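The values are calculated or read from the model by the stated rules, or taken from the named source; none is laboratory data. Predicted model, so just to flag it, every value in this text is computed and none were measured. Cβ: placed from backbone, ideal geometry, glycine included. Neighbour counts: every protein chain shown.
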Amino acid sequence: MKYQIDIQRSKATRRLKRKISMVELLSQYFLLTTWVLAFPTILGSMYFNAFRADPIVEVLFFLSVILSCGMLYSILTSNKLYLIHGLTAEQNHLLSEKVSKKLDWINSRRSRILNVFFPKWSRYSTHYGREVTVIYDSKEVLINSTTFLRYDLISPFHWFADRSVEKKFKTEFEKEVEKHRYANKT
């Protein structure tokens with residue numbers, strides 16, 4: 001998206017560190033906190049006062065607490081960088097571009113230490129706003145997939161889809177690394 005990535009801090013903490021202004025950061029966390037707290041608060045205040053003896057209300061409240069815990073986990077782990085062992089940094093760069101072409105992804109930001117890919121979007125796909133960031137370390141590749149909503153807000157609702165995209169990239173990248181190692185041995 002529009003953010004710059006602090007690559008050195010990202011490598012050190014194994015979390016994707018974006019350079020965001022304080023105003024944007026506060027508005028993002030205010031919105032995410034509101035989403036996490038809204039479900040149990042609304043169900044707890046409205047239903048417990050109206051239907052005290054109904055066990056279905058208790059079940060719905062319990063499910064909303066579980067949903068809020070899942071959203072909180074999603075928010076806390078959305079910027080985690082996943083490690084893939086590769087070859088040299090230059091070979092990793094070439095292999096990741098090869099994998100992106102194989103998966104039919106668009107390379108939007110290209111440098112020798114960072115690539116940002118966008119899966120192609122069509123009317124019936126769920127890839128709108130998805131960004132796959134690949135950071136190259138010495139012999140390792142760090143990958144993160146994040147889905148953005150409007151106004152560049154990170155979506156906690158697409159956590160499973162983001163991890164699926166990361167897994168797809170990881171398996172294809174590891175296949176290419178094994179092919180390259182096998183080709184160099186023979």
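Tell me the residue from Ser155, Ser164, Ser145, Ser138 that is in contact (Cβ under 8 Å) with a residue 24 or more places away in the chain, surrounded by fewer than 14 Cβ atoms within 10 Å (Cβ to Cβ) and among the hydroxyl-bearing types (Ser, Thr, Tyr), please.
Ser138
Read through the list (1) assigned to a helix (DSSP H, G or I); (2) in contact (Cβ under 8 Å) with a residue 40 or more places away in the chain, then give the number of the only condition that Glu58 fails.
Failed condition: (2).
Is it the case, given these coordinates, that Arg112 is out of contact with any Phe, Trp or Tyr (no Cβ under 7 Å at 6 or more places or on another chain) and modelled with pLDDT of 80 or more?
yes
Within the range 169-178, can one find any residue that is part of a helix (DSSP H, G or I), within 13 Å of the chain's Cα centre (by Cα) and in contact (Cβ under 8 Å) with a residue 40 or more places away in the chain? Before you say what the answer is, go through the steps one by one.
At the first step, the residues of the range 169-178 found to be part of a helix (DSSP H, G or I) are 169-178.
Narrowing the set further to residues that are within 13 Å of the chain's Cα centre (by Cα) leaves 169.
Checking the rest, the ones that are also in contact (Cβ under 8 Å) with a residue 40 or more places away in the chain come to 169.
Yes, the range 169-178 contains a residue that is part of a helix (DSSP H, G or I), within 13 Å of the chain's Cα centre (by Cα) and in contact (Cβ under 8 Å) with a residue 40 or more places away in the chain.
Among the residues of the range 77-86, is there at least one that is modelled with pLDDT under 90, surrounded by 15 or more Cβ atoms within 10 Å (Cβ to Cβ) and part of a helix (DSSP H, G or I)?
no
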